[in-house]
Amino acid sequence: MNRQLFKYVFLSLLFLSETVFSQELIPANEVQKNDIINQITSSSKNTTTLECKFIQEKNLSMLSEKIVSEGIMYFQKENNLRWQYNKPYPFIFILSGNKVYIKNDKRTDKFDTNSNKMFKEISEIMIGGVNGDLLLNNKKFTAEYFCNPTIAEVRLVPKDKEIKQLFSQINLRFSKTDWLVKSIEMKEPGGDNTLINFTGKYVNNKISEDLFRSN
């Protein structure tokens, strides 16, 4: 399994999102940190389904122009996720229970998270993102908290050596109006980075089970 594929899988924990990276943030004090954790955890537990559009900007150190992709993300508790790229080309990642499906216009690949350590680990991280436990996972990440009157940001630095090979830092921004993630920025060891902004969120609407099947 190559690193690029693992990066697509890791995007699973990325759902619930949208961005405003221009606002100044200051380090959160202990009271603010606890409030951020409690609010995010509460919001995640109350979210049973989520549908939203996303725009992904990939900055490669060797290229001057950004690579821009667009698509739709669908989430359904407990652990159903569909990450669907529509532009510039179709690509779909589906997590359904312990099964992972990677689809493009030519083929569908199927994996079992229980038979692959990296997939299993990333799947567990995704679930932690859903229920809020990711912010408390001090075994795999070191977390720093920042905020301003409208935004909270959690900066995660991996401790796990395998995750370190993929990302040097992951920044999650949350809106204080609904405490859903507004944007995700992923920084890679080689200097590349990916920014994903989410818009048009539909929370707790009915989502078809067919979206999480391979056919």
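The values are calculated or read from the model by the stated rules, or taken from the named source; none is laboratory data. Everything numeric in this text was worked out from a predicted model, so none of it was measured. Cβ sites come from the backbone with ideal geometry, for glycine too, and all protein chains shown count toward neighbours.
A few points about this structure:
- Scanning the stretch 65-83 for residues that are of a type outside the set (S, T, N, Q), touching a Leu at 6+ places or on another chain (Cβ under 9 Å) and surrounded by fewer than 19 Cβ atoms within 10 Å (Cβ to Cβ) yields Lys66, Ile67.
Condition check ((1) in contact with a Gly (Cβ under 9 Å, 6 or more places away or on another chain); (2) modelled with pLDDT under 90; (3) of a type in the set (Lys, Arg); (4) in a loop (DSSP other than H, G, I, E, B)) across all residues:
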site: Gln23; (1), (2), (3), (4): no, yes, no, yes
site: Gln32; (1), (2), (3), (4): no, no, no, no
site: Gln39; (1), (2), (3), (4): no, no, no, no
site: Ser44; (1), (2), (3), (4): yes, yes, no, no
site: Thr47; (1), (2), (3), (4): no, yes, no, yes
site: Glu51; (1), (2), (3), (4): yes, no, no, no
site: Ser61; (1), (2), (3), (4): yes, yes, no, yes
site: Ser64; (1), (2), (3), (4): no, yes, no, yes
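- Looking only at residues in the stretch 149-182 that are over 22 Å from Ile55 (Cβ atoms) and polar (S, T, N, Q), the one that is surrounded by the most Cβ atoms within 10 Å (Cβ to Cβ) is Ser168.
Matching residues to (1) part of a loop (DSSP other than H, G, I, E, B); (2) without any contact (Cβ under 8 Å) to a residue 60 or more places away in the chain:
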{"site": "Gly71", "(1), (2)": "no, yes"}
{"site": "Phe75", "(1), (2)": "no, no"}
{"site": "Arg82", "(1), (2)": "no, no"}
{"site": "Asn86", "(1), (2)": "no, yes"}
{"site": "Phe93", "(1), (2)": "no, no"}
{"site": "Asp105", "(1), (2)": "yes, yes"}
{"site": "Asn114", "(1), (2)": "no, yes"}
{"site": "Met118", "(1), (2)": "no, no"}
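- Against the numbered list (1) at pLDDT 90 or above; (2) touching a Gly at 6+ places or on another chain (Cβ under 7 Å), Pro88 comes up short only at (2).
- Residue in the stretch 127-148 that is out of contact with any Pro (no Cβ under 8 Å at 6 or more places or on another chain), crowded, with 19+ Cβ neighbours inside 10 Å, modelled with pLDDT of 90 or more and not charged (D, E, K, R) present: yes
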